[in-house]
Amino acid sequence: MSERKEYKTAMGRRIQQARKAAQITQMKFAEEIDVSTQYISDLERGIVGCSVPTLLKICDVLDVSADFLLRGQRAESQKPSTASEEFSTLSPQEQELVKEGFALLKKAFLLKHTEPKKEV
């Protein structure tokens, strides 16, 4: 994959993650930044890029920095404040690992609290 394609794909993934974290549908997002739903789909899949004015609209609507969308870096003031926001910044593979880890923790917690108490 070319460097240009990798850049668009990574940026598209971050846009999609930020949109989902903001709980905005592609249709609503497209309306907010005055583009088509197909454009949002293509943007999130890394098929197309965006102009600077569109990037600024995206940042405003999703309340993220251009640095985050372009480079994956958040300004200190934009660090995720909840587990859900933190989770949304992870790659799909990282999200799957976190889900598996959480399922194991949940299972361990349930086992601990359902074991019969031992008499002393």
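Laboratory data are not the source of any read-out in this text; all were calculated from the coordinates shown. Predicted model, so just to flag it, every value in this text is computed and none were measured. Quick reminder, even Gly has a Cβ in these numbers, built from the backbone with ideal geometry, and neighbours come from all protein chains shown.
In table form, for the structure just shown:
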{"read-out": "Prolate/oblate/rounded call for region 1-78, Cα gyration tensor, a/c under 1.5 rounded", "value": "oblate"}
{"read-out": "Per-residue [θ]222 nm for the chain (sum of -39500 (n - 2.57) over DSSP H runs n ≥ 4, rounded to 500)", "value": "-20500 deg cm²/dmol"}
{"read-out": "32 Å Cα-Cα threshold exceeded, pairs from 28/99; 5/28; 28/107", "value": "28/107"}
{"read-out": "Distance (nanometres) between label positions extended 7 Å along Cα→Cβ at residue 110 and residue 25", "value": "3.3 nm"}
{"read-out": "Mean Cβ neighbour count within 10 Å, used as a protection proxy, ranking 102-112, 27-37 highest first", "value": "27-37, 102-112"}
{"read-out": "Tilt relative to the chain, helix 52-62 - C-alpha long axis, 0 to 90 degrees, to 10", "value": "30 degrees"}
